[in-house]
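The values are calculated or read from the model by the stated rules, or taken from the named source; none is laboratory data. Because the structure is predicted, anything quoted here is derived from the model rather than measured. In case anyone asks, the SASA skips ligands and DNA or RNA and just uses the protein heavy atoms, side chains included. Shrake-Rupley method; radii C 1.70, N 1.55, O 1.52, S 1.80 Å.
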Amino acid sequence: MLIMNEKIKASEVALTGVNGEDLGIMSTKEALQLAKEQKVDLVCLSLASSPPPCQLVGRTDFKQQAIKESAKSRKAEKGPKLKEIRLSAFIEEHDYDTKKRQAERILTSGDAVQLLVRLEKKESQEAKQLIEQLVRELKHCGVQEKGIQVSGKQVIAVLLPID
């Protein structure tokens, strides 16, 4: 929970400016007046010390930053998801490019990709070559977990994101 503006009860605060410059220790009233003049918020960073460290922050910047940090921490908690991309053995070039871009986007966002080709008749060789090509082209953003698995009616490869 953030303590902002008039909710700060301390008589004095250690103030940091909008661009990170140290403005020293001043009364909370002076800090609030300065925040109003600059059309920003006064945010208390910690209640552990006396005087509490506070910063002048643009409201939208601070809220967006807090939302991004909470989303990152939730994602790190859950770990990477495995997202499946299905292809056919005889895929057209435009569709192939689309699937490749989709895989790149998933890998760069931090999730793993499972490339899956469903087989019809005797397509296993073409499917394996297709997946090998895709794995080679995605080397810059993902590493292959195991070898390419050819089993019965499908060919599978799993790519993990590069940290």
**OP:** Could you run the Karplus curve 6.51 cos²θ - 1.76 cosθ + 1.60 with θ = phi - 60° over segment 98-103 and give me ³J(HN,Hα) per residue in whole Hz, x for Gly and Pro?
**Re:** 4, 5, 5, 4, 4, 5
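Hey, any idea what % of the chain's accessible area is carbon plus sulfur with a 1.4 Å probe? Could you put the intermediate results ahead of the total?
Numbers: 5490 of 10980 Å².
It is 50 percent, rounded to a whole number.
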**OP:** Using 0.36 nm per residue of separation minus the Cα-Cα distance, give me the extension gain between Q125 and Q149 in nm, one decimal.
**Re:** 7.4 nm
Original post:
Could you give the distance between the Cα centres of segment 92-125 and segment 128-163, to the whole Å?
Top reply: 9 Å
Original post:
Per 10 Å bin from zero, what fraction in whole % of the C-alpha pairs of the chain is there, up to the bin with the longest pair?
Top reply: 10, 27, 16, 11, 14, 13, 8, 1
**OP:** List every residue whose amide H lies under 5 Å from the amide H of Q38, counting only residues 5 or more places away in sequence or on a different chain, with H placed 1.01 Å from N in the peptide plane.
**Re:** none
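If you average over every viewing direction, what projected area does the convex hull of the Cα atoms of segment 82-161 give, in nm²?
Details: hull surface 18.2 nm².
Orientation-averaged projected area of the Cα hull: 4.5 nm².
Let me check against my output: what whole-number percent is the relative contact order of segment 11-151, with C-alpha pairs under 8 Å and at least 6 apart? Each step should come with its number before you reach the end.
Numbers: 154 pairs, mean separation 23.4, N = 141.
Computed value for segment 11-151: 17 percent relative contact order.
I'd like to check one number: the per residue accessible area of the chain, probe 1.4 Å, reported in Å² as a whole number. Don't skip to the end; give the middle numbers.
On the way: 10980 Å² over 163 residues.
On a per-residue basis, 67 Å².
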